[in-house]
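Single-structure report; data block below.
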Amino acid sequence: MTMLERAVGAAVARIEGRDKVTGAARYAYEYPVPDVVYAWPVQSTIARGRVRVIDGDAALSQPDVIAVLDSGNAPRLQPTDDAEMAVLQSGDVAYRGQIVAAVVAGTLEAAREAAAAVRVDYDEDAHDVMLRTDDPQIFAPETVNAGFPGVLDVGDVERALAAAPVAIDATYSTPAEHTSPMEPHATIAIWDGDALTVYNGDQGPWMTSMALAALFGLPGGAVSVIADHVGGGFGSKALPRPPTVLAALAARAVGRPVKVALTRQQMFSLVTYRTPTIQRVRLGAGRDGRLAAISHDSLQQSSTLVEFCEQTVTPTRIMYAAPNRRTTHRLAQLDVPTPGWMRAPGEMPGMFALESAMDELAYALRMDPIEVRVVNEPSADPESGLPFSSRNLVACLREGAARFGWAERDPTPGVRRDGRWLIGSGVAASTYPVYTMASTAVARAEPGGGFTVRVAAADIGTGARTALAQIAADELRVPLERVGIEVGRSGLGSAPFAGGSMGTSSWGWAVSKACRALVKELAERSGAIPSDGLETQADTTEDLQNRKQLSRHAFGAQFAEVRVDADSGQVRVDRLLGVFAAGRIVNARTARSQLLGGMIMGLSTALYENLEMDPQSGDFANHDLAGYHIASNSDVRRIEAHWIDEHDDELNPVGTKGIGEIGIVGTAAAIANAVHHATGSRQRHLPITLDRVRATLPR
Amino acid sequence: MRPFSYERATDSGAAATAVKDHPEAMFLAGGTNLVDLMKLGVARPATLVDITRLPYDRIEHRADGSVLIGALVRNSELSGDPGVRERFPALAEALLSGASGQLRAIATTGGNLLQRTRCPYFQDVTKPCNKRTPGTGCSAIGGLHRDLGVIGTSDACVATHPSDMAVAMAVLDAIVHVRLADGADRTVPLSEFYLLPGDTPHRETVLASGDLVTRVELPAPPAGAVMRYWKVRDRWSYAFAVVSVAAVVATTADGTLREVRLALGGVAPVPWRARQAEQVLTGRHPTPELLRAAAQAEFAAARPLPQNAFKIDLATDMITTTVRHLAGGRQA
Ligand SMILES: Cc1cc2nc3c(=O)[nH]c(=O)nc-3n(C[C@H](O)[C@H](O)[C@H](O)COP(=O)(O)OP(=O)(O)OC[C@H]3O[C@@H](n4cnc5c(N)ncnc54)[C@H](O)[C@@H]3O)c2cc1C
């Protein structure tokens, strides 16, 4: 046993990798289901109003069409807090693209064509779809996403700002962005009496099963959700979205299994996007760089259906020490689809603004941007006063600076040229909270000598399945090959979704606990395994409650080198380098992919992604991947992700902090800061398009 | 289900007959644009006539330095052709800057010329668009139009022609060979092939129903000329041009511009040949001031909209850089 190499930490290839590249891995839409029919949504063509009449006659007269559903004949659902899930429950239209009817037909093609023949007449009201600071209906929600207080005010920010020898006051904005995972949202719903089976592209099969059960008025166990393989989610598959509900509703209505798959275009209004933000950051510092005041205000949007307020300024609350701090959120509820969780909600847009402002402060102080951050390093969480379980921001900055060659950097902006190209580099900090939720898991010793571990985790392409098997192998003290792992099904027990970078910590804790219990039982039986195997179960609810009160966060530092074409304004990121402190890294290979993927998505946010609202139609106009630009391979040149060895015993038995989201945090600020260093001009609005750059270049 | 029939044409006469007088019939080449538009409901042909087996799949370099490019030559093949790369490098550059490797392997020369605009409103049947449904209005003028046209546009339509290849062909004085529906052959200079929108933006070319593009002819470039295609876009690959410039330049020993040809993409409803600018420049020294004046002359007739006025300035800078590079003797 002592010879056995630890599986945790190794660069293990994905267990299901071969199945994926050979096409053997099944995604939600691909399960063969006898007698299946197809539902196609009819989406509203107005942004606000009511459906007056739906005329489905022309659709119903087409071959193969089984039903036209609308709010008049669709099955009733239980009331829900998430009004996006109340599909076809009323004729009110809250945004353009909302589902107002659906056609069910024997083939996908028939359903799609008939949906185009459904005539919908509306009573249309004037709509308001543009986020603007002078909107009279703006308000300050008491709490924001994830339960954070909307406003926090400590000390006297105005006075401290007025008295500060050096101050920054700048407004930043980030656009609406779309999650756009590779696998479009897809569902198969099958009813058997009052039991519902749902194959779903899903980040949280168990939580979806609970939500659907509540929606259809069923007991928790009546809904079974299967999500063996999921082609990305980025937050958009964490909560059941309207297409999933539509499949279940339509299957109930017609008494046959129903498939729903969205087109890429439909996804843009029907599944999650990130709110646009308008943020003002004010910093006041002494000549030594120490912050006396931090003020960060963010305006964002939600729909009229759901009050979703992204927690944009929450990272500012824990980043830097300053005696006077004010952080506020404001919200406008517009006639738009409901925004939601997209990779690092809060941290991504919030840290773009804060870390850009920190760079502006460094220049105002004539201080190195890294040193400004170092002198403001807090000794405890500035907000709660709690000690950090571990905080290695400074170590990440130092390590990154050494690897990047920061010491040789001349801070003067706008002076490096390589032919037509202006060259610059920038740095920004990253942070992401350590979320952990209670989970259950089962470990089994099989009579044949193998082990099986079951947990209702979701592997959305991250490598979660493999990481959990590694954790199990080490706890069981057996080679990885002897561990069979089952995930992706709600029936495996209660478990949180893959979100908030908490999967490996939450599920891994339960897996580790179940395995330890099994090892103990096996030891008590001197290793004898009964003929039907030996099984232990774990539930981490109490363990979580018994954790010490501490502030738990991951940190990182991101460095970017850019070149800007002085003739065209095009920005090219020559190099990205990130160093992260995120606790124990379970799988060096998949972790690297997560961090690089996050950084690439951050680059994409910095330069390209922009979901554009068309004020006239109230629709996102560029609703396909030709119009909505995501970074392509050729946009990424040199890119490196590193991590420092961080041992933190106050997290969970595995010692993980989570790595799914931190990679996207700070990247955009590092790039924007590098563009400033290259051109001498600040870019405070994302994305940094060539026309925005050109507007600031000297003529 | 929306049924449509599919036929594979074995000769051009049969292909023309199958399409002529059947407004619901369309030629299918690579299908990379047409099939997408069918899925979106923008194109609703009752019959697809597959022309990919017709014998227009060759590149023929002629002794006089000209080249005849079959309408069914794939973009990838054309961009890789050694003769094209050597003597018409701007065409190869334009092709390689377009779409993706997979798309170029399927897309054809004829289909590329005849691809439709990427205006988001044209592609969305739930929104008004004069090009798609005449008389319904233009959603772009009062909506989002950053990516749309600044010159040659009209009050009815500000859409741009998206092709990179066609911009290079415009600067190379391409001649389009057409087999008319009645069987006669006709040649049309590319500069007369496309129509400006005026108040009939749905009419985009001189082709009538059943007219088949068979070849594109490129005359030999001027002796001693250098050329370039430069595409500026919103990401480094797989994006349509924000603005592109194709230029052919021949200089005399003292550095004056003996011949200069310019074409622009991303700014107009058609591949835009910048004749005004050419006139200003020909026979002169390409100083930055003169180049700026030339671009100004070209854009005197521009009709920029609030979100896309920057394109004029960008095109001016790109013209300046490109011509100066080429006049400096470098194949930039
Ligand atoms: C995601 C994406 C990105 C792209 N990016 C770019 C880009 O950056 N730059 C660029 O230039 N292009 C780009 N394209 C467009 C691409 O170049 C065109 O789709 C392609 O060239 C069309 O050729 P095809 O043979 O597939 O045409 P088809 O789709 O088969 O046909 C297009 C049209 O031409 C007609 N037609 C075809 N051949 C003939 C003929 N011989 N005679 C008469 N009529 C004919 C058809 O009836 C149809 O109306 C992109 C396309 C996609 C999907």
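Each Lys or Arg adds one and each Asp or Glu takes one away; over the other residues whose Cβ falls under 11 Å from the Cβ of A:GLU383, this sums to +1.
For chain A, a simple Cβ point-charge model (Lys and Arg +1, Asp and Glu -1, everything else neutral) yields a dipole of about 1600 debye relative to the Cα centre. Label point of A:GLU542 set 7 angstrom out along Cα-Cβ; within region A:648-663, amide nitrogens under 20 Å from it belong to A:651-654. What's the local net charge at A:GLU355, with K and R +1, D and E -1, over the other residues with C-beta under 14 Å away? Spelling it out: positives minus negatives among the neighbours equals 0. Database remark: amide H of A:ILE529 closer than 5 angstrom to no amide H (H placed geometrically; neighbours at sequence offset of 5 or more, or on other chains; Pro and chain starts carry no H). A Gaussian network model of chain B, with springs between Cα atoms under 10 Å, assigns the largest mean-square fluctuation among B:LEU40, B:LEU96, B:LEU207 to B:LEU40. Beta bridges per DSSP, both residues in region A:436-545: antiparallel share near 70 percent. Anyone know which of B:PHE310, B:PHE299, B:PHE240 comes out most mobile in the 10 Å Cα GNM of chain B? Of the options given, B:PHE310 has the highest mean-square fluctuation. Counting only other chain Cβ atoms within 10 Å of each residue's Cβ, the peptide A:622-630 averages 4. Taking the DSSP beta bridges with both ends in the protein assembly as shown, the antiparallel portion is around 80 percent. Close amide-amide hydrogen proximity is noted between A:GLU640 and A:LEU576, A:LEU577, A:GLY578, each under 5 Å apart and 5 or more residues distant or on a separate chain (H modeled in the peptide plane; Pro and chain starts excluded).
Averaged over its residues, region B:226-327 has an accessible area of 35 Å² per residue, based on protein heavy atoms and a 1.4 Å probe.
The distance linking region B:36-71 with region A:599-629 is 32 Å (Cα centroid to Cα centroid, whole angstrom). Averaging the Cα positions of each part gives two centres, and for region A:643-681 and region A:137-194 these lie 19 Å apart.
Shown in residue order for region A:679-694 are the 3J(HN,Hα) couplings computed by the Karplus curve 6.51 cos²θ - 1.76 cosθ + 1.60 at θ = phi - 60°: 9, x, 10, 6, 10, 9, 10, 9, x, 7, 7, 5, 5, 5, 5, 4 Hz (x for Gly and Pro).
Neighbouring Cβ atoms from other chains, within 10 Å of the Cβ of residues in A:603-610, number 1 on average.
Note on A:685-692: average number of Cβ atoms from other chains within 10 Å of each residue's Cβ is 3.
Our note on the geometry: Cα centres of region B:214-257 and region A:462-486, 58 Å apart. Taking only the C-alpha atoms of the protein assembly as shown, Rg followed by Dmax gives 30.6, 98 Å.
Take B:74-80, B:219-225 and order them by the average number of nearby Cβ atoms within 10 Å per residue, most first; the result is B:74-80, B:219-225.
When the helices of the protein assembly as shown are scored as -39500 (n - 2.57) per DSSP H run of n ≥ 4 and the total is divided over every residue, the value at 222 nm lands at -7500 deg cm²/dmol.
Taking amide H positions as modeled 1.01 Å from N, with prolines and chain starts lacking one, the residues under 5 Å from A:GLY49 and 5 or more places away or on another chain are A:VAL93, A:ASP125. Cross-link partners of A:LYS20 among aspartates and glutamates, defined as those whose alpha carbon lies under 15 angstrom from its own and excluding same-chain residues fewer than eight positions apart: A:GLU30, A:GLU183, A:ASP228, A:ASP459.
Comparing each chain alone with all protein chains together (probe 1.4 Å, DNA, RNA and ligands left out), the residues of region B:235-265 losing at least 50 Å² of accessible area are B:ARG235, B:TRP236.
Packing here is the average count of other Cβ atoms within 10 Å per residue, and on that basis the peptides A:622-629, A:212-219, A:581-588, A:672-679, highest first, run A:672-679, A:581-588, A:622-629, A:212-219. Summed over both chains, the accessible area lost when B and A associate is about 3000 Å², using a 1.4 Å probe.
Restricting the calculation to Cα atoms, region B:226-327 shows an Rg/Rh of 0.97 when the hydrodynamic-style radius is the Kirkwood one. The loop-placed trypsin sites (Lys or Arg not before Pro) in region A:93-199, going by DSSP, that have at most 15 neighbouring Cβ atoms within 10 Å of their Cβ come out as A:ARG132. Give the cross-link partners of A:LYS520 among the lysines, using a straight C-alpha distance below 30 Å as the criterion and excluding same-chain residues fewer than 8 apart. Hits, sequence-local ones excluded: A:LYS548, A:LYS657.
Near A:SER617, once Lys and Arg are set to +1 and Asp and Glu to -1 for all other residues with Cβ below 13 Å from its Cβ, the sum equals -3. The accessible-area loss of region B:139-155 on complex formation, taken against its chain alone with a 1.4 Å probe, reaches 30 Å² or more at B:GLY142, B:LEU144, B:ARG146.
The values are calculated or read from the model by the stated rules, or taken from the named source; none is laboratory data. Quick caveat, the model's predicted, so the values are computed rather than measured. Counting neighbours? That spans all protein chains shown, and the Cβs are built from the backbone with ideal geometry, glycine included. Just so you know, the surface numbers come from the protein's heavy atoms only, side chains and all, with ligands and any DNA or RNA stripped out. Shrake-Rupley method; radii C 1.70, N 1.55, O 1.52, S 1.80 Å.
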